[in-house]
1. May I ask you to say which residue of VAL230, VAL216 is crowded, with 19+ Cβ neighbours inside 10 Å and either touching a strand residue (DSSP E or B) at 6+ places or on another chain (Cβ under 7 Å) or touching a residue at least 40 places away in the same chain (Cβ under 8 Å) (or both)?
2. Is it the case that the range 165-185 has a residue that's in contact with a helix residue (DSSP H, G or I) (Cβ under 9 Å, 6 or more places away or on another chain), surrounded by 24 or more Cβ atoms within 10 Å (Cβ to Cβ), under 23 Å from THR33 (Cβ atoms) and among the small types (Gly, Ala, Ser)?
3. Any residue that is closer than 24 Å to LEU191 by Cα, within 18 Å of the chain's Cα centre (by Cα) and not acidic (Asp, Glu) - is there at least one of those in the range 246-269?
4. Checking SER97 against (1) over 26 Å from PRO276 (Cβ atoms); (2) modelled with pLDDT of 95 or more, which single condition isn't satisfied?
5. Those residues that are among the basic types (Lys, Arg) and within 19 Å of ALA74 (Cβ to Cβ), I need them from the range 112-135; list them, please.
6. Would you check which residues across the range 49-58 are touching a residue at least 60 places away in the same chain (Cβ under 8 Å) and either over 30 Å from VAL87 (Cα atoms) or open to solvent by 20 Å² or more (accessible area, probe 1.4 Å) (or both) and list them?
7. Are any of the residues in the range 289-306 surrounded by 17 or more Cβ atoms within 10 Å (Cβ to Cβ), charged (D, E, K, R) and at pLDDT 90 or above?
8. Which one of these is in contact (Cβ under 8 Å) with a residue 12 or more places away in the chain and farther than 23 Å from VAL198 by Cα: MET272, MET307?
Amino acid sequence: MQNNPQLNENGELRHLLSIEGLPRNVLSGILDTAASFVGVTEREVKKVPLLRGKSVFNLFFEPSTRTRTTFEIAAKRLSADVINLNVAASSQTKGESLLDTVSNLSAMQADLFVVRHGSSGAPYLIAQHVKPHEHVINAGDGRHAHPTQGLLDLYTIRHYKQDFGALRVAIVGDILHSRVARSLIHGLTTLGTPEVRVIGPKTLLPAGVEALGVKVFNDMQEGLRGADVVVMLRLQSERMRGALLPSAQEFFKHYGLTAQKLALAKPDAIVMHPGPMNRGVEIDSSVADGPHSVILPQVTFGIAVRMAVMSIVAGN
């Protein structure tokens, strides 16, 4: 446990860099804390004073309106001071400039850095160089990890299904490029989910993905049969022009979620999507807006989960 750069000497969360390697009790603790914050988001006065006087720097080297906004809302609901920085791409050309940026912000009395970066491992690099009272949360790094998205997906699944111990979870689409999928798979296996399936064309599945403890399906119908949870992943249109896929229409035909395909899953299955959705590519609008969809509640839970992570790391 001491070897995990995310944990302090007492085994408590100091940084959130990845779900991979976090013990089950730490993951469950985050989800339990998030549950207590869901109530706060429904109150008339949506603030608690847990981070009053603390400065949270949203350090985004890569654009993301949704993630940045939910982190900002979460920090403000904890009564923190929030500073948003969309750092120009030129400042990330060298590793030194990344650390220089952080050092300058540290001199401005930062307490918490929320980092999104196109390079895998950038939040780890920052975490190695911050002061003892400073904390780092990974808001997405390259193809590597997106731990708070994974956590909000885990929270959503637990909210609707209660127990991970009897679930079949199917993750569908562009697994190869998805840091969300990696984070979710690690979380599901740590929390004892007996069957995690990945479904997609061979060109969009990482080599050796079975090593993560998942069942691989290239046929969507087969993969969806009997699933309790269906997680659709975003397919980025710029990747379709390469050799990975023939066309968006072809992808939808084989791997888009329609009501007919969803009927193969359990009658009470839930449908999730990390967003933003490409309607008519990964998911049919009738499913996205239908009774099985929990896509909008995911966004609401995301604020509570990010509140939980910030309050836990800043408290340790």
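1. Details: VAL216 fails: crowded, with 19+ Cβ neighbours inside 10 Å.
Selected residue: VAL230, the only one of VAL230, VAL216 that is crowded, with 19+ Cβ neighbours inside 10 Å and either touching a strand residue (DSSP E or B) at 6+ places or on another chain (Cβ under 7 Å) or touching a residue at least 40 places away in the same chain (Cβ under 8 Å) (or both).
2. Yes - at least one qualifying residue is present in the range 165-185.
3. No; the residues of the range 246-269 include none that is closer than 24 Å to LEU191 by Cα, within 18 Å of the chain's Cα centre (by Cα) and not acidic (Asp, Glu).
4. Checking SER97 against (1) over 26 Å from PRO276 (Cβ atoms); (2) modelled with pLDDT of 95 or more, the one that fails is (2).
5. If the condition is that a residue be among the basic types (Lys, Arg) and within 19 Å of ALA74 (Cβ to Cβ), then ARG116 is the only one that fits.
6. If the condition is that a residue be touching a residue at least 60 places away in the same chain (Cβ under 8 Å) and either over 30 Å from VAL87 (Cα atoms) or open to solvent by 20 Å² or more (accessible area, probe 1.4 Å) (or both), then LEU50, LYS54 are the ones that fit.
7. yes
8. Testing whether each residue is in contact (Cβ under 8 Å) with a residue 12 or more places away in the chain and farther than 23 Å from VAL198 by Cα leaves just MET307.
The values are calculated or read from the model by the stated rules, or taken from the named source; none is laboratory data. Since the structure is predicted, the reported quantities are computational estimates derived from the model, not experimental observations. In this analysis, Cβ positions are derived from the backbone assuming ideal geometry, glycine residues included, and neighbour counts consider all displayed protein chains. Note: accessible area is taken over every heavy atom of the protein model, side chains too, but ligands, DNA and RNA are not part of it. Shrake-Rupley method; radii C 1.70, N 1.55, O 1.52, S 1.80 Å.
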